[in-house]
Amino acid sequence: MAPPPLLRAVIMGPPGSGKGTISARIIKHFGMKHLSSGDLLRVNMQKKTEVGILAKSYIDQGRLIPDDIMTRLMLNELKGLDRYNWLLDGFPRTVAQAEALDKECQIDTVIDLDVPFETIKCRLTARWVHPTSGRVYNLEFSPPKVQGIDDITGEPLVQRDDDKPETVTKRLQAYDAQTKPVLEYYRKKGLLKSFSGTETNKIWPHIYTFLQTKLPDVSQKDAATPT
Ligand SMILES: Nc1nc2c(ncn2[C@@H]2O[C@H](COP(=O)(O)OP(=O)(O)O)[C@@H](O)[C@H]2O)c(=O)[nH]1
Ligand SMILES: Nc1ncnc2c1ncn2[C@@H]1O[C@H](COP(=O)(O)OP(=O)(O)O)[C@@H](O)[C@H]1O
C-alpha cells in the first residue's frame, strides 16, 4: 500500500500569538518537523553569517527581511525536509513569499492563531528564550524550572532584542500591513483554519482535535488531556 501523503502545514499569527509554544506541542504529539524562520535567522545572527548580519539590521528595527533573501533561505532549508511531514512557522509572511512557496510545493493547511494585539504586548516583554533550540519561556505562563536557565541544557536564557516595547509596536504594524494579506491569500484557497482566543491552553485542544483528523498522535502521553 502507498504511504499516506506527507502533510505540509503552516502556522501563522501575530508576534507573540503563541506560534512557537503551539508548534512545540504539535511536534511532540504529531512528530512533524518544525521550521521556524525566526529561529533560523537567530542562529544565523549568532553565527554572524552573511544572512545573519544582514537580518539583524532589519530585525532590530522590527522590519521584515526582504522577500528574495528570506525565500531563498527557507526554500533551501525545506529541501532537506522532503521526506517528512513539516510545519512552517514565521514563513510565509508576505504574499510574495506565499507565491514563491506555492511554486515549490502544495500547502495542505494553514493554522491561524487569532489572538488580539492587546493580549500579546505584555507577553513579549516577559518572554525568555534559549537561542540555540528556540525553546521559549514566559515568566508568568511557562517559567523555567530555574530562573534564567534552560530546562534541558542548563544553558542561560536570553531576552530577544526585538521584544522591546517600541520594536514590538513596529512588528505588529508590519504584521497588519504585510502579513494579514497572506491570511486572505490562504482563505481564498480554502486552506485557512483560524483559532481565536487569548489563552494558548484554551486554543490548543481545538488545534489538537483538528490535527488528529490529519495525523496520528505519536506521543506516549494520555491524549485525553494533551499538553
Ligand atoms: N500569559 C501567557 N503567555 C503565553 C501564552 N501562550 C504563550 N505565552 C508566552 O507568550 C510569549 C510568546 O509566545 P511564542 O510562542 O513565543 O509566540 P510567537 O511569537 O507567536 O512564536 C512566550 O513567552 C510564551 O511563553 C498564554 O496563553 N498566556
Ligand atoms: N518570513 C519572514 N520574512 C521576513 N522577515 C522575517 C520572516 N520571518 C522572520 N522574520 C524576521 O525575524 C523577526 C523575528 O521573527 P519571529 O521569531 O518569527 O518573531 P515573532 O513570531 O515573535 O514575530 C521578524 O520580526 C522579522 O524581522
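With the requirement that a residue be out of contact with any Gly (no Cβ under 8 Å at 6 or more places or on another chain) and of a type outside the set (D, E), what does the range 147-172 give you?
Q147, G148, I149, I152, T153, G154, V158, Q159, R160, K164, P165, L172
Write out, first by first residue and then by second, each pair whose Cβ atoms fall under 6 Å of each other, whose residues are 6+ apart or on separate chains, and whose first residue, in the range 111-138, is over 19 Å from R93 (Cβ atoms) while the second is in a strand (DSSP E or B) and among the acidic types (D, E).
Final answer for the pair search is none.
From D217, D176, D150, which residue is among the acidic types (D, E) and closer than 19 Å to A9 by Cβ?
D217
Would you confirm, using the coordinates I've provided, whether L75 is crowded, with 18+ Cβ neighbours inside 10 Å, at pLDDT 95 or above and at negative phi?
Spelling it out, it is not the case that L75 is crowded, with 18+ Cβ neighbours inside 10 Å, at pLDDT 95 or above and at negative phi.
If I go through the range 34-76 residue by residue, how many of them are acidic (D, E) and within 16 Å of the chain's Cα centre (by Cα)?
Total meeting the criteria: 1.
Taking the range 182-192 only, how many residues are surrounded by fewer than 11 Cβ atoms within 10 Å (Cβ to Cβ) and in contact with a Ser or Thr (Cβ under 7 Å, 6 or more places away or on another chain)?
Of the residues in that region, 0 qualify.
Got a number for residues in the range 118-139 being under 19 Å from R25 (Cα atoms), in contact with a helix residue (DSSP H, G or I) (Cβ under 6 Å, 6 or more places away or on another chain) and not in a strand (DSSP E or B)?
Final tally of qualifying residues: 2.
When the residues of the range 129-146 are filtered to those that are under 16 Å from the mean Cα position of the chain (by Cα) and of a type in the set (A, V, I, L, M), which remaining residue is farthest from L35 (Cα to Cα)?
Of everything passing the filter in the range 129-146, V129 is farthest from L35 (Cα to Cα).
If we scan the range 147-161, do we find a residue that is within 16 Å of the chain's Cα centre (by Cα), in contact (Cβ under 8 Å) with a residue 24 or more places away in the chain and closer than 24 Å to Q173 by Cα?
yes
Being of a type in the set (V, I, T), more than 8 Å from ligand 2 (Cβ to nearest atom), surrounded by 19 or more Cβ atoms within 10 Å (Cβ to Cβ) and touching a residue at least 12 places away in the same chain (Cβ under 8 Å) narrows it down to one of I59, I65, I26, so name that one.
Result of the check over I59, I65, I26: I26.
Could you pull out the residue among T119, T179, T153, T167 that is surrounded by fewer than 15 Cβ atoms within 10 Å (Cβ to Cβ), at negative phi, of a type in the set (S, T, N, Q) and out of contact with any strand residue (DSSP E or B) (no Cβ under 6 Å at 6 or more places or on another chain)?
Matching residue, one of T119, T179, T153, T167: T153.
Quick one: L81 ticks every box in (1) of a type in the set (A, V, I, L, M, F, W, C); (2) touching a helix residue (DSSP H, G or I) at 6+ places or on another chain (Cβ under 9 Å); (3) over 17 Å from K180 (Cβ atoms); (4) surrounded by fewer than 19 Cβ atoms within 10 Å (Cβ to Cβ) except a single one, so which number is it?
Going through (1) of a type in the set (A, V, I, L, M, F, W, C); (2) touching a helix residue (DSSP H, G or I) at 6+ places or on another chain (Cβ under 9 Å); (3) over 17 Å from K180 (Cβ atoms); (4) surrounded by fewer than 19 Cβ atoms within 10 Å (Cβ to Cβ) one by one, L81 breaks only (2).
The values are calculated or read from the model by the stated rules, or taken from the named source; none is laboratory data. Fair warning: this is a prediction, and the values are worked out from it, not measured in the lab. Counting neighbours? That spans all protein chains shown, and the Cβs are built from the backbone with ideal geometry, glycine included.
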